[in-house]
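One structure below.
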Amino acid sequence: MENTALLKAIIDNAIDGIITIDDHGKIESINPSGCKLFAYEAHEVIGMNISMMMPKPDKEQHDGYLQNYRRTGQPNIIGKGREVSGLRKDGSIFPFRLAISEVQFSGRKIYTGFIHDLSKEKEAEEKLKDYAAHLEEQVELRTQLLNESVKALEAANSKVNQSLDKEKELGQLKSRFVSMASHEFRTPLSSIQLSSDLIEKYAENSDIENINRHLGKIKNSVTNLTGILNDFLSLERLETGKMEPEALSFDIVGFSAEITEEMQVIAKEDQKIIYGHTGISSIVRIDQSLLKTCIINLISNAIKYSGEHTFIQFSTVVTDKNIIVSIKDNGIGIPKEDQKHLFEPFFRAHNTGNIPGTGLGLNIVSRYTELMNGTVSFSSDVTQSTSFTLSFPNQHE
Ligand code: ATP
Ligand code: MG
């Protein structure tokens, strides 16, 4: 008797819910923890089918399980524990761990279910899952931020590299210029030296004719040296991006006639520069100084690369839309295989022999022309003539 009381006290005070059913699923007893878990009073469930405490689909299937067990003797979950869901009186569902044991009592079978509430564990598990998901999100966000910073760093790095490359290019250009200049300067400088020595000598006899001849040579050499230096300065300004064309309106005929006159002075013996203009008007709007450098470069090439007693045709055409400048000579021409390299800095065709030059002129012409939104074209034949044509949009108001 005392034992029974002890057992009842143990069951009544157990933390887990304990429910017993008969082999048809009818509830025979439920302890206070069981009532609390399912939120029922004991009298509301005793005598009812256990399936009332199960959510779908277990609800519908439970009678079937029991029947099957009665018929086959094959237990499904008896003796094993597993996680299932319970249905409270208010319709809410909670997880619990269920362990069922079977007891033979007074010639019939009774099943006892031990119900261990898992709500707290599940909640903690969900929290952990949420936390992990949140952590993943954070990691993703951080990774994205990191990737962005890496990208920004890479962009900055390539910018630095680009400017370093530019700096390197400029450095190479300068050192090439120095070695080329030391070579190119030697001839005009020794010619100046020689002419001044001779002038000294001719001065003793007041030989004016020879003095003038050598003065002319000195002037020529100085023009040559100035030309080389100007070319280099232009190139450096182009490389450092300091060139900004400034379009102004002016009369191209007067401007070209002046250039023709200047260039005629340095032309060879009986080399005639013939200038002509065609067009509706002679007023153009373009950067005067850049255009002048281009024309001077082309005419000085025509002078250098053609012989004495020849003509150099210099023409300008102004239409409503374009300004066209062309310079044509009958000189040595440009070999076909060299033509594709013509506008590269320091390039000189292989038929130039000992004609002096740095190979910078046409590079400057093409880059200036581009700055003025124009184009350069040329046609040349070693046996015939060479002609260079510049074409610009006429930016008149
Ligand atoms: P510089 O820098 O002093 O002008 P350069 O005349 O040699 O030197 P560019 O004006 O750039 O250099 O010309 C490049 C090359 O193109 C020349 O070396 C020459 O071979 C060829 N060339 C240019 N103009 C003519 C021309 N009118 N006839 C024949 N060859 C030419
Ligand atoms: Mg030249």
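The values are calculated or read from the model by the stated rules, or taken from the named source; none is laboratory data. On a predicted model such as this, the values are computed, not experimentally measured, just so you know. Please note: Cβ atoms are built from the backbone with ideal geometry, for glycine as well, and neighbour counts cover all protein chains shown. Just so you know, the surface numbers come from the protein's heavy atoms only, side chains and all, with ligands and any DNA or RNA stripped out. Shrake-Rupley method; radii C 1.70, N 1.55, O 1.52, S 1.80 Å.
For the chain, what is the percent of antiparallel DSSP beta bridges, rounded to the nearest 5? If you can, show how the numbers build up before the last one.
Details: 51 of 60 bridges.
Around 85 percent of the beta bridges assigned by DSSP in the chain are antiparallel ones.
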Exercise. Do the sum for the chain: with -39,500 (n - 2.57) for every DSSP H run of n ≥ 4, divided by all residues, what is the mean residue ellipticity at 222 nm, to the nearest 500 deg cm²/dmol?
Worked result: -17000 deg cm²/dmol
Problem set entry | Those residues of region 13-39 whose amide nitrogen sits under 19 Å from the label point placed on ASP58, 7 Å along Cα→Cβ | 15-39
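How large is the charge dipole for region 243-393, taken about the Cα centre, if only the Cβ atoms of Lys, Arg (+1) and Asp, Glu (-1) carry charge, to the nearest 20 debye?
Working: 11 positive and 17 negative charges, 55 e Å.
Using only the charged Cβ atoms, the result is roughly 260 debye.
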Exercise. How long are the semi-axes of the ellipsoid equivalent to the chain, from square roots of 5 times the Cα gyration tensor eigenvalues, in whole Å, largest first?
Worked result: 112, 24, 18
Exercise. Gap in Å between the Cα centre of region 326-341 and the Cα centre of region 40-119?
Worked result: 104 Å
Problem set entry | Solvent-accessible area, 1.4 Å probe, carbon plus sulfur percent, for the chain | 55 percent
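Note down the magnitude of the dipole of the chain about its Cα centre, charges +1 on Lys and Arg C-beta and -1 on Asp and Glu C-beta and zero elsewhere, to the nearest 20 debye. Don't skip to the answer; put the middle values down first.
Working: 43 positive and 55 negative charges, 200 e Å.
So the magnitude is around 960 debye.
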Seminar exercise, completed: Placing +1 on each Lys and Arg Cβ and -1 on each Asp and Glu Cβ in the chain, then taking the dipole about the Cα centre, the residue among ASN220, MET48, PHE105 whose Cα reaches farthest towards the positive end is PHE105
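Please work out the average accessible area per residue across the chain, using the 1.4 Å probe convention, and give it in Å². Don't skip to the end; give the middle numbers.
Numbers: 24250 Å² over 397 residues.
With all protein chains present, the chain gives 61 Å² per residue.
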Exercise. Label-point separation (nm) for TYR65 and HIS43, each offset 7 Å from Cα along Cα-to-Cβ?
Worked result: 3.0 nm
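Filter LYS8/LYS59; LYS268/LYS340; LYS304/LYS336; LYS56/LYS120 down to the pairs with a C-alpha to C-alpha distance above 25 Å, please. Please report the intermediate quantities before stating the final value.
Values: LYS8/LYS59 29 Å; LYS268/LYS340 28 Å; LYS304/LYS336 19 Å; LYS56/LYS120 22 Å.
Violating the 25 Å limit, Cα to Cα: LYS8/LYS59; LYS268/LYS340.
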For this session: Determine the shape class of region 2-117: with a ≥ b ≥ c the square roots of the Cα gyration tensor eigenvalues, call it rounded for a/c under 1.5, and otherwise prolate if a/b is greater than b/c, oblate otherwise.
Result: oblate
For this session: Enumerate the aspartates and glutamates that LYS292 could reach by cross-link, defined here as Cα to Cα under 17 Å, with residues fewer than 8 away along the same chain left out.
Result: ASP231, GLU244, GLU246, ASP251, GLU258, GLU261, GLU262, GLU370
Exercise. Out of residues 5 or more away from TYR275 or on other chains, whose amide H comes under 5 Å of its own, with H placed 1.01 Å from N in the peptide plane?
Worked result: PHE314
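Find the relative contact order for region 124-235 and round it to a whole percent, using C-alpha pairs within less than 8 Å whose residues are 6+ positions apart. Mind showing how you got there, number by number?
Details: 31 pairs, mean separation 23.7, N = 112.
It comes to 21 percent, rounded to a whole number.
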Exercise. Pick from ILE324, ILE21, ILE192: which is most flexible by mean-square fluctuation in a GNM of the chain where alpha carbon atoms under 10 Å apart are linked?
Worked result: ILE21
For this session: Can you find, among ASN147, GLN172, GLN313, the residue farthest towards the positive end of the dipole of the chain? Put +1 on the C-beta of Lys and Arg, -1 on that of Asp and Glu.
Result: ASN147
Problem set entry | Quotient of Cα Rg and 2.2 N^0.38 Å for region 243-393, N being how many residues it contains | 1.00
Exercise. Volume per residue, Å³, of the convex hull around the alpha-carbon atoms of region 76-177?
Worked result: 156 Å³
Exercise. Any idea what Rg and Dmax come out to for region 349-389 if you just take the C-alpha atoms, in Å?
Worked result: 12.3, 35
Problem set entry | Accessible surface ranking that places the most exposed of VAL103, VAL84, VAL139 first, with a 1.4 angstrom probe | VAL139, VAL103, VAL84
